[in-house]
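For reference, the structure discussed in these notes is given below.
The values are calculated or read from the model by the stated rules, or taken from the named source; none is laboratory data. Note that the structure is predicted; figures quoted are calculated from it, not measured. Here the Cβ positions follow ideal geometry from the backbone for every residue, glycine too, while neighbour counts run over all protein chains shown.
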Amino acid sequence: MTYFGIANLNYFENDLNVFPNISEKILLKNIKNNINYDISINYEEKVHLQNVINYDATPILYQHRSNDSLKDIWKNINHGDIVTNRASKRSLTKDDKGVIVEKKWIEFDDDKHDKMIYLITKTNNEINVSIEKLQIGIYAPNIVFNVLPNQPSYTVYRYIKRFNVELQCFEHYTCEIDGFVKSEINNQVIYTPVEFKTMEILKKQQRLDIDDLWDGAKTSIAVQCQLSEINNVIFGFRNNLSMKLKYGDIPTIINGLEYKVRNAFKRMERNTLKIIQQCKHSQDLSINDHQ
């Protein structure tokens, strides 16, 4: 798999060592010892909320298609392939109303023909959570992964390529990665990508654990992780401004709910097929109108 990080909008990095990570030993020790994390925020210094509010929904692969760091990926994108991101694919697990499809022609070297791709972009990017929750959701993983304010702030992406059997083309998309759990096997350092979820313990709840999550949340988390080929989730269960961690794997989290996840992926596949076929049909009509 290909990982890359982007800082300051256009600086690319692919060194896993500089991306957010936590030692597996430290993570498990802190969970065992029931460590409380202080997530009180110095908003001015530690949370760059404006970057989130100004989020551009255009898939990263397309936004930075001319960047040398992505040239090897684009060399392997074929005429008629799909380029998108995880947010768009998640939207397609519900219906086909939350995305748009555009036919884009990509310029390559002079000795190569241009290629046409189908660009799928999520249309609804409204932030419908409170500013406080949004800020904590950004800041909490930085505390766990020990991202210091004076370090470059990388948004880390994983590139995934999958073959769509129905459409007989490849889908190329990226997923944002929250961080990595670092372990060592046979003297080799292993970085395992993980999802980070901050969950609030309400006043009426005495406790909150992975087993207490509602089925909809578990299903949503599983879909998100399976699209990213991630198998582990760090949960930050917060009570006011303190937070304790739990660590779970996807098979355990969705035990008994596997059918819901399968159905979500079936809807995604059906909706993807539908919107691409509609785009092709409208393209054919346009050609016929001009004949």
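Between a residue in the stretch 90-107 that is acidic (Asp, Glu) and any residue that is surrounded by 13 or more Cβ atoms within 10 Å (Cβ to Cβ), which pairs come within a Cβ distance under 7 Å, given they are 6 or more apart or on different chains?
Correct list of pairs: ASP95/ASN271; ASP96/ASN271; ASP96/LYS274; ASP96/ILE275; GLU102/LEU119.
Would you point out which residue out of PHE196, PHE163, PHE170 is under 15 Å from the mean Cα position of the chain (by Cα) and assigned to a strand (DSSP E or B)?
Result: PHE196 is the single residue among PHE196, PHE163, PHE170 that is under 15 Å from the mean Cα position of the chain (by Cα) and assigned to a strand (DSSP E or B).
Kindly indicate which of PHE170, PHE180 is more than 18 Å from MET268 (Cβ to Cβ), of a type in the set (A, V, I, L, M, F, W, C) and either surrounded by 14 or more Cβ atoms within 10 Å (Cβ to Cβ) or modelled with pLDDT of 95 or more (or both).
None of the others qualify; the one that does is PHE180.
Identify the residue in the stretch 243-282 that is in contact (Cβ under 8 Å) with a residue 60 or more places away in the chain and aliphatic (A, V, I, L, M) and, among all such residues, is nearest to VAL99 (Cα to Cα).
Out of the qualifying residues, it is ILE275.
Please go through (1) under 18 Å from VAL233 (Cβ atoms); (2) at pLDDT 95 or above for PRO141 and return the number of the only condition it doesn't satisfy.
Checking PRO141 against (1) under 18 Å from VAL233 (Cβ atoms); (2) at pLDDT 95 or above, the one that fails is (2).
Got at least one residue in the stretch 204-224 being of a type in the set (Val, Ile, Thr), surrounded by 15 or more Cβ atoms within 10 Å (Cβ to Cβ) and assigned to a loop (DSSP other than H, G, I, E, B)?
Checking the stretch 204-224: not a single residue is of a type in the set (Val, Ile, Thr), surrounded by 15 or more Cβ atoms within 10 Å (Cβ to Cβ) and assigned to a loop (DSSP other than H, G, I, E, B).
Condition check: in a helix (DSSP H, G or I) and either farther than 20 Å from ILE275 by Cβ or modelled with pLDDT of 85 or more (or both). Does SER153 satisfy that?
no
Hey, does the stretch 227-242 have a residue that's in contact (Cβ under 8 Å) with a residue 60 or more places away in the chain, small (Gly, Ala, Ser) and under 21 Å from ASN34 (Cα atoms)?
yes
Of the residues in the stretch 235-254, how many are in a loop (DSSP other than H, G, I, E, B) and within 19 Å of VAL194 (Cβ to Cβ)?
Residues that pass the stated criteria total 1.
Within the stretch 45-84, which residues are at pLDDT below 80 and assigned to a helix (DSSP H, G or I)?
Of everything in the stretch 45-84, those that are at pLDDT below 80 and assigned to a helix (DSSP H, G or I) turn out to be GLU45, LYS46, LEU49, GLN50, ASN51, VAL52, ILE53.
Within the stretch 186-198, is even one residue touching a Pro at 6+ places or on another chain (Cβ under 6 Å), in contact (Cβ under 8 Å) with a residue 12 or more places away in the chain and not small (Gly, Ala, Ser)?
Checked the stretch 186-198: at least one residue is touching a Pro at 6+ places or on another chain (Cβ under 6 Å), in contact (Cβ under 8 Å) with a residue 12 or more places away in the chain and not small (Gly, Ala, Ser).
If you scan the stretch 239-279, which residues turn out to be surrounded by fewer than 19 Cβ atoms within 10 Å (Cβ to Cβ) and basic (Lys, Arg)?
LYS246, LYS260, ARG262, LYS266, ARG267, ARG270, LYS274
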